[in-house]
1. So which of GLY99, GLY118, GLY54, GLY95 is at positive phi and not in a strand (DSSP E or B)?
2. Sort out which residues of segment 77-96 are closer than 15 Å to ALA143 by Cβ and not aliphatic (A, V, I, L, M), and write them in order of number.
3. What are the residues in segment 23-65 that are among the small types (Gly, Ala, Ser) and buried (at least 18 other Cβ atoms within 10 Å of the Cβ), if any?
4. Please work out which one of (1) small (Gly, Ala, Ser); (2) at pLDDT below 95; (3) surrounded by fewer than 20 Cβ atoms within 10 Å (Cβ to Cβ); (4) not in a helix (DSSP H, G or I) is the condition ALA69 fails and give its number.
5. Being modelled with pLDDT of 90 or more, in the same structural domain as ILE31 (by TED's automatic domain parsing) and part of a helix (DSSP H, G or I) is true for just one of LEU153, LEU169, LEU209, LEU164. Which residue is that?
6. Can you confirm whether segment 113-125 contains a residue that is closer than 22 Å to MET1 by Cβ and either surrounded by fewer than 17 Cβ atoms within 10 Å (Cβ to Cβ) or free of Cβ contacts under 8 Å to residues at least 24 places away in the same chain (or both)?
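The values are calculated or read from the model by the stated rules, or taken from the named source; none is laboratory data. Treat the numbers as computed from the prediction; the structure is a model and nothing was measured. Reconstructed Cβ throughout: ideal geometry from the backbone, glycine too, with neighbour counts over all protein chains shown.
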Amino acid sequence: MLEVEQVRLRYPGMVLEFDLAVEAGECVALIGPSGAGKSTLLGVIAGFEKPSSGRVRLAGQDVTDWPAARRPVSTVFQEHNLFAHLNVAANTGLGIHPGLRLSRDDHTRVERALEQVGLGGLDARLPSELSGGQRQRVALARALVRRRPILLLDEPFAALGPALRREMLTLLDALRRAENMTTLLVSHHPQDALFAARRTAFVCDGRILAVDDTQRLFSRVEHPELAEYLGGTDR
C-alpha cells in the first residue's frame, strides 16, 4: 500500500498539502491543470522532494526520511531518458546496475522484461532505431527489471498519438496485473484515466480536491475547479 499522510511542502508564495492512499496493486490516475502539483506529489513519493511535514509510507514502511535510492519505487517520465550510445538491452540493464555489471541471471531478467513489453529480438538496436512508442517500452522494461512494487508514471505517453497511447496503456495494465504493481499515473487526458484507472484523484492548486471512482469523479459537479478542468479537455 502507498500512503501519503498530511504531507506539506512550502514554496515561495505557495503551500502544497497532500493526503492519498492507494491499495497494493491498484492503479490510480492523477489529473489536474499544469502546475497543480501532480509531479511534485510523485517526487515526494519517490524521494526527490522532501516534505516539511507529514509522512510517506510505502509497502508498510515509513520512508519519509529515506533517500530515493532506498525506496521501493520506479519512475517513468515523459522523456524516456535512454542513452543514445547504448542499445536496448544495455539501456534496460541500467535498471539493475548503473555500471552494467550484470550476472547471467541479470541478463535473463533483461531478456524477460523486453519480451514482456513486446521488444523481444530488438535488444541490439539503438534508441535512434526505435519509434517513440518503442522507446517508452524500453523505459518500462527498465522499470520492470528493478523489481520495485510501486510504479510512478509522470505523463509517460503524452507525446504519443491517441491510438499508440491506448496501446501503451493496455500494455501498462497487463504489466501491472502480472507484477501486482501499485501504480500512480499522471495524465492530462481524462480518457487515459477512464481506460486505465479504477480511481482518479483531481489535483488543483497544490491539493487533492477529490478522489473517487473514475467514472463517478467525472460526473461530479460540486467542485467548480474540476468542472472547469474537464470542460476544457477532450474527454
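1. Working: GLY99 fails: at positive phi; GLY54 fails: not in a strand (DSSP E or B); GLY95 fails: at positive phi.
One residue alone meets the criteria, GLY118.
2. PHE77, GLN78, GLU79, HIS80, ASN81, ASN91, THR92, GLY93, GLY95
3. Initial filter on segment 23-65 (among the small types (Gly, Ala, Ser)): 24-25, 29, 32, 34-37, 39, 43, 46-47, 52-54, 59-60.
Within segment 23-65, ALA29, GLY32, ALA36, GLY37, SER39, GLY43, ALA46, GLY47 qualify.
4. Looking at each condition in turn, ALA69 falls short on (4).
5. Numbers: LEU153 fails: part of a helix (DSSP H, G or I); LEU209 fails: part of a helix (DSSP H, G or I); LEU164 fails: modelled with pLDDT of 90 or more.
Step by step, each of LEU153, LEU169, LEU209, LEU164 is checked, and only LEU169 is modelled with pLDDT of 90 or more, in the same structural domain as ILE31 (by TED's automatic domain parsing) and part of a helix (DSSP H, G or I).
6. In the first step, residues of segment 113-125 are kept if they are closer than 22 Å to MET1 by Cβ; the result is none.
Among the residues of segment 113-125, not one is closer than 22 Å to MET1 by Cβ and either surrounded by fewer than 17 Cβ atoms within 10 Å (Cβ to Cβ) or free of Cβ contacts under 8 Å to residues at least 24 places away in the same chain (or both), which makes the answer no.
Residues are listed down the side, and each one gets a yes or a no for (1) under 17 Å from the mean Cα position of the chain (by Cα); (2) at pLDDT below 95; (3) in a strand (DSSP E or B); (4) of a type in the set (Lys, Arg):
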residue: LEU185; (1), (2), (3), (4): yes, no, yes, no
residue: GLN191; (1), (2), (3), (4): yes, yes, no, no
residue: LEU194; (1), (2), (3), (4): yes, yes, no, no
residue: THR200; (1), (2), (3), (4): yes, no, yes, no
residue: ARG220; (1), (2), (3), (4): no, yes, no, yes
residue: ALA227; (1), (2), (3), (4): no, yes, no, no
residue: THR233; (1), (2), (3), (4): no, yes, no, no
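Residue-wise test of (1) modelled with pLDDT of 95 or more; (2) under 30 Å from ASP123 (Cα atoms); (3) among the charged types (D, E, K, R).
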position: GLY13; (1), (2), (3): no, no, no
position: GLY54; (1), (2), (3): yes, no, no
position: ALA59; (1), (2), (3): no, no, no
position: ASP62; (1), (2), (3): yes, no, yes
position: SER74; (1), (2), (3): no, yes, no
position: GLN78; (1), (2), (3): no, yes, no
position: ALA84; (1), (2), (3): no, yes, no
position: VAL88; (1), (2), (3): yes, yes, no
